[in-house]
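Input: a single structure, listed below in structure tokens.
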Amino acid sequence: MSRVVVTGASGFIGQALVPALLSRGHAVRALSRGKPVFAPPVETARHGDLRSDSFGDGSSWLPLVKDADAVVHLAGIAHTGPGVPADDYDRVNHRATAGLAAAARSAGVGHLVFVSTIRAQTGPSAGRVLTEDDPPVPTDPYGRSKLEAEAVLARSGIGFTVLRPVLVHGPGVKGNLAALARLAALPVPLPFGGFGGRRSLLAIANLVAAVNFVLGDPGVRGATYLVADPEPVSLAEIVTALRAGMGRPPGLVRVPPALIRSGLAAIGRARYWDQLAGELVVDPGRLMRAGFRPETSTAAGLAAMTGRARPAQSRPYSKSS
């Protein structure tokens, strides 16, 4: 039985990952800044502010990763937006990761799985299907800090795997997808029937499965993988799946997207346009060719966000998918 340390364990991804690791027979040490959210047999520990220099140099990490076989690094500033100083992204996402890698190597940890982000590779939209072979061109401090952390791992000398997930969806998600789910819950038609731009999403169950896969396969060490559900979806399909989970029809009408773009600009929300209409499609084929198989579909994962999805809506992918 291996001991896996999970940083950021109290977050959206961590709360799904920790029980999955337990079910695979791992001993888990869950680290969080706030109050621990797990009961025994999970070992819990609190850490301080990751902006501290003691995390950047690794000294505060060292006792937290002692006796671990692997570390899954989730902790960090996980969003973009106003009000976050650029130096905070660097301290938390870059320097604290560098300190963790140094501490893990000193403690004899064999494998560090870094859950990065697609924003380390691109901005909020892209004009072509992205693969790992495309040069990374992050467009904001968040993405740049994650890319710098990836580079540190590559130089650290520790066995590592980098996962770059796209936008993750599932029960308990926050942010834009949660806002869209609340919008979909309204008993009114929505004007998204004409939005055909496609985006890759990632079900939380599939991200957890990807982490479990790379933890168990030594052949993925030293590699970077894009992680996404296999089928990209349009905004109209997202709303359709959300409402299907509520047992409701899509209720979509076609309004010219240009009108909605003008409306967003008029109310000072122009920055949301790329998230609504822009395309961001990634090819997760490299990880799947390595042997990974997603556990659920995008539609089933979105429907599960409403809390009313039926088990039959979720299906495993076959090896031929």
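Nothing in this text is a laboratory measurement; each read-out follows from the coordinates by a stated rule. Note that the coordinates shown come from a computational prediction; the quantities given were computed from them, not determined experimentally. Quick reminder, even Gly has a Cβ in these numbers, built from the backbone with ideal geometry, and neighbours come from all protein chains shown.
Tabulated data
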quantity: With Cα atoms, 0 to 90° folded angle of helix 141-156 axis to the chain main axis; calculated: 30
quantity: Correct choice for Cα extents along the principal axes in Å that was computed from the model, options (i) 58, 42, 38; (ii) 76, 47, 34; (iii) 60, 48, 38; calculated: (i)
quantity: Positive-end extreme of charge dipole, the chain - chosen from Val220, Gly159, Ala20 (charges on Cβ); calculated: Ala20
quantity: Estimated 222 nm signal from helices in the chain, with DSSP H stretches of n ≥ 4 weighted -39500 (n - 2.57), rounded to 500; calculated: -9000 deg cm²/dmol
quantity: Label-point separation, Glu231 to Ala20 (7 Å along Cα→Cβ), nm; calculated: 2.0
quantity: Most fluctuating residue given options Leu100, Leu177, Leu280, as computed from a GNM of the chain linking Cα atoms under 10 Å; calculated: Leu177
quantity: Histogram of C-alpha separations across segment 141-191, 10 Å bin width, %; calculated: 19, 30, 24, 17, 8, 2
quantity: Rounded tilt (10° steps) of 12-23 against the dominant C-alpha axis of the chain; calculated: 60
quantity: The chain: Lys pairs at Cα distance under 28 angstrom, eight or more positions apart or on different chains; calculated: 5
quantity: Per-pair calculated FRET efficiency, R0 = 25 Å: Thr139 and Ala45 via Cβ, rounded to 0.05; calculated: 0.10
quantity: Whole-number Å³ per residue for the convex hull built on Cα positions in segment 167-270; calculated: 132
quantity: For segment 90-144, alpha-carbon Rg and Dmax in angstrom; calculated: 14.0, 43
quantity: Principal semi-axes in Å for segment 1-159 [√(5λ), Cα gyration tensor, largest first]; calculated: 26, 17, 16
quantity: Degrees between helix 96-106 axis and first principal axis of the chain (Cα, 0 to 90, nearest 10); calculated: 40
